[in-house]
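Colleague: Mind looking over this structure? Questions follow.
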């Protein structure tokens with residue numbers, strides 16, 4: 001009895017790990033969160049699909065209900081894949097699900113994935129760390145408990161701050177960082193639908209932040225690196241040598 005917690009990566013199916021793709025191909029059941037995973041779900045043609053995310057006006061099942069479903073499926077002995085956006089253990093409830101499964105006597109196999117905390121900035125040409133300038137990276141979950149974060153400590157640490165699933169909390173986070181002493185001129189980048197064909201990046205500062213109304217999923221990068229666009233710089237170099 002095993003449930004495979006598979007990281008789906010940031011969205012582009014080509015960024016799924018080879019082991020994740022192999023498990024999906026063999027899956028008899030796939031439990032997933034978002035309809036936007038359709039291209040990745042297509043890699044599991046023989047599986048029964050169980051959507052546990054919000055669908056239109058229908059609210060998502062509670063975490064306890066999701067845990068119960070995973071335990072029920074896991075105990076059947078079938079090949080069960082729990083598909084998680086990004087990495088199962090980064091700004092995700094994969095840890096909670098792993099503990100619930102283990103407590104119920106169901107083995108858990110964790111397949112790491114590429115977190116949007118790293119992949120989304122990279123896809124937008126933003127290196128989250130530049131050794132000569134930035135040596136720290138703070139990743140914050142912007143959904144539950146965002147107001148309980150010690151934003152003054154985050155502001156003092158500086159470096160690069162990545163806010164995941166934080167569209168609704170963006171303006172509160174910006175206000176908290178400014179109140180904590182972070183400069184209003186600090187660059188901010190908002191990356192919508194990273195690694196997907198409709199990817200879009202909007203840039204601004206803490207004083208004039210980019211719009212939070214960009215389509216989800218939205219990844220926010222705050223810090224000096226948010227002003228960089230390595231892809232654009234590379235294009236300029238190519239033009240100069242052409």
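Colleague: Name the single residue, out of those in the stretch 1-56 being under 16 Å from the mean Cα position of the chain (by Cα), in contact (Cβ under 8 Å) with a residue 40 or more places away in the chain and part of a loop (DSSP other than H, G, I, E, B), that is surrounded by the fewest Cβ atoms within 10 Å (Cβ to Cβ).
Modeller: Filtering the stretch 1-56 for residues that are under 16 Å from the mean Cα position of the chain (by Cα), in contact (Cβ under 8 Å) with a residue 40 or more places away in the chain and part of a loop (DSSP other than H, G, I, E, B), the one surrounded by the fewest Cβ atoms within 10 Å (Cβ to Cβ) comes out as 17.
Colleague: Can you name every residue in the stretch 186-206 that is over 19 Å from the mean Cα position of the chain (by Cα) and without any contact (Cβ under 8 Å) to a residue 24 or more places away in the chain?
Modeller: 204, 205
Colleague: State all residues of the stretch 94-111 that are surrounded by fewer than 17 Cβ atoms within 10 Å (Cβ to Cβ) and closer than 23 Å to residue 220 by Cβ; if no residue qualifies, say none. Break it down into steps so the answer makes sense when it comes.
Modeller: Within the stretch 94-111, the subset surrounded by fewer than 17 Cβ atoms within 10 Å (Cβ to Cβ) is 95-96, 99, 102-105, 107, 109.
Result: 95, single match.
Colleague: Could you list all residues from the stretch 150-163 that are in a loop (DSSP other than H, G, I, E, B) and either outside the structural domain of residue 223 (by TED's automatic domain parsing) or in contact (Cβ under 8 Å) with a residue 12 or more places away in the chain (or both)?
Modeller: Restricting attention to the stretch 150-163, the residues satisfying the condition of being in a loop (DSSP other than H, G, I, E, B) are 150, 158-159.
Within the stretch 150-163, 158, 159 meet the criteria.
Colleague: Another question, then. Consider residue 66 against the criteria (1) within 15 Å of residue 108 (Cβ to Cβ); (2) in contact with a strand residue (DSSP E or B) (Cβ under 7 Å, 6 or more places away or on another chain): it satisfies all of them except one. Which criterion is unmet?
Modeller: (2)
Colleague: Just to be sure, is residue 83 touching a strand residue (DSSP E or B) at 6+ places or on another chain (Cβ under 8 Å), part of a helix (DSSP H, G or I) and under 28 Å from residue 118 (Cβ atoms)?
Modeller: no
Colleague: What pairs come up if the first residue lies in the stretch 165-177 and is more than 20 Å from residue 153 (Cβ to Cβ) and assigned by TED's automatic domain parsing to the domain that holds residue 220, the second is modelled with pLDDT under 90 and surrounded by fewer than 21 Cβ atoms within 10 Å (Cβ to Cβ), and their beta carbons are under 6 Å apart, counting only those six or more places apart or on different chains?
Modeller: Here the result reads 165/143; 167/212, each pair linking the stretch 165-177 to a residue that is modelled with pLDDT under 90 and surrounded by fewer than 21 Cβ atoms within 10 Å (Cβ to Cβ).
Colleague: Looking for something part of a helix (DSSP H, G or I) and free of Cβ contacts under 8 Å to residues at least 40 places away in the same chain - is there at least one such residue anywhere in the stretch 133-143?
Modeller: no
The values are calculated or read from the model by the stated rules, or taken from the named source; none is laboratory data. For clarity, every value in this text was computed on a predicted model and none was experimentally measured. Don't worry about glycine lacking a Cβ; one is built from the backbone with ideal geometry, like all the others, and counts go over all protein chains shown.
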